[in-house]
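Asks: What follows is a single structure, and I will ask about it in a moment.
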């Protein structure tokens, strides 16, 4: 069994729900334990999460871990990031040995997360996908004058942590101490600190484990369904500001089939509008994009048909 961690409060809950649903639906071997870092999820939302995930797989193990939001609120960053991003630093205190997976709550995962463990080297503490938008020298100005080009810089939205090595190196304390002095200079919050403190102790995994949604859209969704995880990393989240892109249509179709009744009235209206546009595929001038949308919708129907009797 592999522990997968996600984090949310009540505001980000819809993103958490979609991410968790996609992970469980893609877990072909039923070897995933879902761990939720709870920073304020309501009782109603928690019941919704449990019921929805158990409809997909009744054997899914779900664990709840309370997060001390006050502990994280003292950290800032150059960009407007939620303090919840720092919660992943607490994971090695919960699972003290072995490998764990952390996933941001703005993903659609179509790859079986259990399979990533086979790619992880034992001699590195953390593994992730190279962040195409970031470099250590740009993100960490205090390192000016040092040769930082030799170090990998990863996006921390999807990471695998060797908690045994993490705790042996006392990384949580080192990162927290660093953030108390430098969080205001960190462009990407704890991601900046993780890449800095663990430089040289980071392994790279293939890009398909963490494909940014704008990259997915740039290539018109030309990725085989089931072969990638889509990361809605920008500020334009599908459940907040839906737009007619193939990545948003994929997200909304997941939401539509897995938890159609869990949106607010406003969100439901947005979802209805974008689904109507998705069905009017001929509105899209790009023939390849139309073809890929159909391919992805058929894929979602197929995995849901195997999990739920709702299509």
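Asks: Please tell me if residue 17 is in a helix (DSSP H, G or I), farther than 23 Å from residue 97 by Cα and without any contact (Cβ under 8 Å) to a residue 40 or more places away in the chain.
Replies: Numbers: in a helix (DSSP H, G or I): yes; farther than 23 Å from residue 97 by Cα: yes; without any contact (Cβ under 8 Å) to a residue 40 or more places away in the chain: no.
When the stated conditions are applied, residue 17 does not pass them.
Asks: Could you pull out the residue among 23, 32, 14 that is modelled with pLDDT of 95 or more and closer than 20 Å to residue 109 by Cβ?
Replies: 23
Asks: All but one of (1) over 10 Å from residue 106 (Cα atoms); (2) surrounded by fewer than 21 Cβ atoms within 10 Å (Cβ to Cβ); (3) within 14 Å of the chain's Cα centre (by Cα) hold for residue 212; state the number of the condition that does not hold.
Replies: Going through (1) over 10 Å from residue 106 (Cα atoms); (2) surrounded by fewer than 21 Cβ atoms within 10 Å (Cβ to Cβ); (3) within 14 Å of the chain's Cα centre (by Cα) one by one, residue 212 breaks only (2).
Residue by residue, here is whether (1) buried (at least 22 other Cβ atoms within 10 Å of the Cβ); (2) more than 20 Å from residue 24 (Cα to Cα); (3) at pLDDT below 85; (4) touching a strand residue (DSSP E or B) at 6+ places or on another chain (Cβ under 7 Å) holds:
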{"residue": "227", "(1), (2), (3), (4)": "no, no, no, no"}
{"residue": "235", "(1), (2), (3), (4)": "no, yes, yes, no"}
{"residue": "246", "(1), (2), (3), (4)": "yes, yes, no, no"}
{"residue": "259", "(1), (2), (3), (4)": "no, no, yes, no"}
{"residue": "262", "(1), (2), (3), (4)": "no, no, yes, no"}
{"residue": "265", "(1), (2), (3), (4)": "no, yes, yes, no"}
{"residue": "275", "(1), (2), (3), (4)": "no, yes, yes, no"}
{"residue": "281", "(1), (2), (3), (4)": "no, yes, yes, no"}
{"residue": "287", "(1), (2), (3), (4)": "no, yes, yes, no"}
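Asks: List, please: which pairs have Cβ atoms under 8 Å, are six or more places apart or on different chains, and start with a residue in region 164-191 that is free of Cβ contacts under 8 Å to residues at least 24 places away in the same chain and end with one that is assigned to a helix (DSSP H, G or I)?
Replies: Cβ pairs passing all conditions: 174/197; 178/193; 178/196; 178/197.
Asks: Something else: From the list 147, 106, 133, pick out the single residue that is at pLDDT below 95 and closer than 18 Å to residue 233 by Cβ.
Replies: Going through 147, 106, 133 in turn, the sole match is 133.
Asks: Every residue in region 134-154 that is surrounded by fewer than 22 Cβ atoms within 10 Å (Cβ to Cβ) and either touching a residue at least 60 places away in the same chain (Cβ under 8 Å) or touching a strand residue (DSSP E or B) at 6+ places or on another chain (Cβ under 8 Å) (or both), please. Explain how you work it out, then say what you get.
Replies: Here is the first cut: in region 134-154, the residues surrounded by fewer than 22 Cβ atoms within 10 Å (Cβ to Cβ) are 134-138, 141-152.
134, 136, 151, 152, listed by residue number.
The values are calculated or read from the model by the stated rules, or taken from the named source; none is laboratory data. Given the structure is predicted, the values throughout are model-derived calculations rather than measurements. Every residue, glycine as well, gets a Cβ built from its backbone with ideal geometry; the counts of neighbours run over all protein chains shown.
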